[in-house]
Structure formats: structure tokens, C-alpha cells
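**Q** Below are the C-alpha cells for one structure; questions will follow.
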Amino acid sequence: MSKHYDVLVVGGGTIGLSAAYYAASRGLSTALFEQMTIHNDVASSKGLERIFRILYATQSRVRLVESSYAMWKEIENYVGYELLAPSPLLFFGDPDKQTVEGSIADIEKSMRQLGVPFTYLENPSAIEDAFSMFNAKGMPTNYVGLVQKSATINVSNSFKAFQSLATENDVTIITGETAGKVVDITPISSGQSGYTVKTEDGTEYTGSHIILAPGIWLNTVLPFFGLQVNAQGASVWKIWKCSLAFFDKQTSSEIPLWYEFAKSDQALYYGFPDMGFTSETQNKCKIAADFTNTTYTNVKDIDTEPDPKIIESIQARLEELFQPSTYDINNPHMEEACFYSMAPDFDMVIGRIPTAPGATSFFDNASMFVMASGRGFKFTPIFGRILVDLAVDGDTPYTGDLTDFSPSRNGIFQSASP
């Protein structure tokens, strides 16, 4: 006898939890499947903190992230503990350099068109004047900056909040390598719409609607829908291993969130203030590289050790960009690797599940969020709501702002057999 729910959610990262909560809040019986534990060390949601930002080059993303911010604050007010820790955010660098985050010039234009308040810093000296720990001499003379009040997302508290919201609304959360690992998904063949999910332990579950948020394990579930990530030609899906470390803060001044738009794609760095989200990170700042020397096309090949060469490059860049009294750059702590599920065009994928690669016809009652590309966390509440809209209603009020993320765009998927 199978167990029936209105909504089945595959993947227990923050966006899977968010989708489960928003489904259950509608009064829909909901089950979530996670093959490991909630907030595990390999998931795309791994870590202690994430950048929240409104600074985007496209107006559609600005609108989405503004809505997401309001939803974060609603949840924060309800649970009674901090999810978004306020901090200034500095984007600085070559204004015309196109990166995975867009360009500073395009971001500035987007902010002005939408009337989003920000401060413009016209040269390296202005950047150093605004944030005294930076060293203008370590920057090319054409560098400019954009500053906006923003926040650091507390990852642990975010998991706590969305898991508690899901539990309060009677979501069944099924975890573990046997009970929570999905090994088969098939459409119900009795003429009724819906899906049967089978887990490693042999248990079957049926659901009227299904939502996929599988992180870097997307190729373990997409084939059940006749899809797999694109693995042909020069432009393919990859898992990026990105490396980071924590450095002791030595200055008494407030260090902002920051992201450098450098001339080379192999020279993109970002850093956090000393958030102290754990006792282990008190007076330490996380610094990371937004590039990699190591990519994978199979999740089974992942090596979780950080890349020592990238840690060294972080240290070298910190020595150039900052005053000597800012960080103890010679003694990195808590060196780690995190994993980005990176689409061929470096963008996220959210929408209904197409019936074939590039198709504009879709499976009934099914939606997905995949290839988060390291940029999905800030959208957690709004993407959870959108996934429920798409799976349950077949549409969402946010459709107009999702075009860039379409699962039907070229080069994202290829055909597969389950």
C-alpha cells in the first residue's frame, strides 16, 4: 500500500524546505525526501552564510529579490530570531567587466531605472575613503564602487526556520540513504494525474503534484522525466568546486560584504564581515573565490577538500586589496570547499518540467529548481512559493520575471532514459 500526499518534494535544501512549507500552508498534505540529513555538508545550501543583495543587472531579478526580501522579513518576524544580519554591501571593480554576476555598469543602470537607492564611488580613492580597510593602490585606476545597505543570510537559522515552518504545517520530512533516497519516479497510469515515488527502502508514495529541488544530484531524478543535464559539446553542465577560508579580523572598523569585479574571470573574489554566527567564527571573516580550477560532471567524483592553490590566490589578493592591519592573511582557518551546480550558460533553472529538451510543453503538476549556480539561496522564500504555484496551479504571478531562468532554453538539457 502506497502512502498518498497532495505534494511530493524531492530535495531538502532550503528551497525544497521552502516549497514544502508553502505547499503545506495551502492545506496540501506534503512529504519531503532528502537522501542525507537536513543541512548536510555536501548540499548546495552548505555553509554558514550567504550574501543577500538587490544589486542585479536585470530588472526582473531586482523585482524578484525585493519580493524575496519582504518574505524573509515576514518569516524572521514570525520565528523571532535573525535570518538577515544587516551589513553594507560593496560591489567594486572594472565597471564594464562582464562576470557571472553581470557588470557594475549594468547594475548601476538597473538601480537607477528602478529607483533603488545606492551610493556611487567614482574611483579607488573614493572606495578607500568610504571603507578605510581597503587599499586604493592595490586597485586598477578605473575601479568604481556601488554601495547599498544589504545583509548576510544566516544559513543555520534559515534551515531552522524553514524546517520548523514545514513541521508546524505537518510536512512529513523523510531523510536518510534508504528512507529518503528517491530511486524511481513514474506518472500514475490510471488516468489520474500524479506521480509515484519509490525510495531506496522500497516504500512507495503517490502524490498529485511533484516538485524537484535536488541540488547537484539532479541527474539522479531528471532521467525519470526523460531529461538529463546537457553533456554534449563545449558548453555543458558542471559541478564547480569552489574554495574558501576564514581569516582573523585585525581591524576594529566594520568590514562590508564585498565582491570584486576584476578583469579576469579567474580573479573574482568576495568576502563577508565577521558575522560570528558560531563561536568558532567570532572575529573571523569568510573570504572565497568565485572561480574554480576543478569541475565535475558526475557527483560521485567529488573531492570535498579545498583547493590549496585557490586559498593561496585568495591570500595574495587580500594582501593587495586591503591595508596590512585588516586580516591575518598568513593563517587561514576552516578551509572548505562548496559545490555549485553550474548550467552551461551559468544561470539558474526554475519552472515547469519540459517534456523534452527545449520543449514548451510540460509535464502536468510538476516543477523544478536546478542549477542554482551558487546564487539561489537569497531567493529561498520566493522560489519556494513559485515552485508550488507552478506544480499546483500550472502558472505563477511571477512568470514575467522568470524568463531568464526558463527550463526550455537551449542547451540546458538533453534526452535521457530512466
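**Q** Below 12 Å, Cα to Cα, which aspartates and glutamates can K181 reach? Residues fewer than 8 away in the same chain don't count.
**A** Correct list for K181: E34, E200, D201, E204.
**Q** How do 12-18, 151-157 rank on mean C-beta neighbours within 10 Å, highest first?
**A** Output ranking for 12-18, 151-157: 12-18, 151-157.
**Q** Treat every Asp and Glu Cβ in the chain as -1 and every Lys and Arg Cβ as +1, leave all other atoms uncharged, and give the resulting dipole magnitude about the Cα centre to the nearest 20 debye.
**A** 580
**Q** While we're looking at this one, here's another question. Taking H as built 1.01 Å from N, whose amide H comes closer than 5 Å to the amide H of S150, not counting residues under 5 places away?
**A** Long-range HN contacts for S150: S87, L89.
**Q** Hey, any idea what % of the chain's accessible area is carbon plus sulfur with a 1.4 Å probe?
**A** Reported share for carbon and sulfur atoms: 46 percent.
**Q** Which of V144, V388, V79 ends up with the largest GNM mean-square fluctuation for the chain, with Cα atoms connected below 10 Å?
**A** Of the options given, V79 has the highest mean-square fluctuation.
**Q** Also, I was wondering about something else. Using the Kyte-Doolittle scale, which helices in the chain average at least -1.0 and also have C-alpha atoms spread 27 Å or more along the helix axis, with helices defined as whole DSSP H runs?
**A** 59-79
**Q** Here's another thing I want to ask about it. Among A85, A136, Y5, flag the residue with its Cα farthest along the positive direction of the charge dipole of region 1-154, charges on Cβ as +1 for Lys/Arg and -1 for Asp/Glu.
**A** My answer, from the dipole projection, is Y5.
**Q** Note down the nm distance, to one decimal, between modelled labels 7 Å out along Cα→Cβ at N298 and at M334.
**A** 3.4
**Q** Would you count, across region 236-322, every pair of lysines whose alpha carbons are under 15 angstrom apart, provided the pair is eight or more residues apart or spans two chains?
**A** 5
**Q** Find which of A151, I54, I314 sits farthest along the positive direction of the dipole of the chain, computed with +1 on the beta-carbon of Lys and Arg, -1 on that of Asp and Glu, about the Cα centre.
**A** Farthest towards the positive end: I54.
**Q** Would you tally the net charge around L84, using a Cβ to Cβ cut-off of less than 15 Å, leaving L84 out, and scoring K and R as +1, D and E as -1?
**A** Every neighbour counted, the sum reads +1.
**Q** What does the charge add up to near V182, with Lys and Arg as +1, Asp and Glu as -1, over the other residues with Cβ less than 10 Å from its Cβ?
**A** That sum, taken over residues with Cβ under 10 Å, equals -1.
**Q** Taking Cα centroids, how far is region 89-156 from region 46-78 in Å?
**A** 18
**Q** Show the residues, 5+ positions off or on another chain, whose built amide H is closer than 5 Å to the amide H of D184.
**A** Amide H neighbours of D184: K198.
**Q** Would you calculate a helix-derived [θ] at 222 nm for the chain, using -39,500 (n - 2.57) for each DSSP H run of n ≥ 4 and dividing by the full residue count, to the nearest 500?
**A** Taken over the chain, the calculation gives -6500 deg cm²/dmol.
**Q** Please work out the C-alpha center-to-center distance from region 1-21 to region 284-362 and express it in whole Å.
**A** For region 1-21 versus region 284-362, the Cα centre distance is 28 Å.
**Q** Given H placed on each backbone N at 1.01 Å, which residues far from G194 in sequence or on other chains put an amide H within less than 5 Å of it?
**A** I188
**Q** How about region 1-110: which chymotrypsin sites (Phe, Trp or Tyr not before Pro) there lie in a loop by DSSP and see at most 13 other Cβ atoms within 10 Å?
**A** Sparse-neighbourhood loop chymotrypsin sites (Phe, Trp or Tyr not before Pro): Y81.
**Q** Restricting to bridges with both residues inside the chain, how much of the DSSP beta-bridge set is antiparallel, in percent to the nearest 5?
**A** 70
**Q** Test of the criteria: in region 112-202, which GluC sites (Glu not before Pro) are in a DSSP loop and have at most 14 other Cβ atoms within 10 angstrom of their Cβ?
**A** E122, E177
**Q** Once the other residues with Cβ under 12 Å from the Cβ of I210 are scored (Lys, Arg +1; Asp, Glu -1), what is the net sum?
**A** -1
**Q** If R0 is 25 Å, what FRET efficiency do you get for E319 and Q282 from their C-beta distance, rounded to 0.05?
**A** Given R0 = 25 Å and the Cβ-Cβ separation, E is 0.60.
**Q** A further question follows. Between S189 and S156, what is the spin-label point distance in nm, taking each point 7 Å from the Cα along the Cα→C-beta axis?
**A** Label-label distance for S189 and S156, simple model: 4.9 nm.
**Q** Give the accessible area for D301 in Å² (nearest 10); use a 1.4 Å probe, count only protein heavy atoms, and leave out ligands, DNA and RNA.
**A** 100
The values are calculated or read from the model by the stated rules, or taken from the named source; none is laboratory data. Predicted model only: the values in this text are computed from it and were never measured. Cβ coordinates were reconstructed from backbone atoms using ideal geometry, including for glycine residues, and neighbour counts include every protein chain displayed. What goes into the accessible areas is simple: the full protein's heavy atoms, side chains included, and nothing from ligands, DNA or RNA. Shrake-Rupley method; radii C 1.70, N 1.55, O 1.52, S 1.80 Å.
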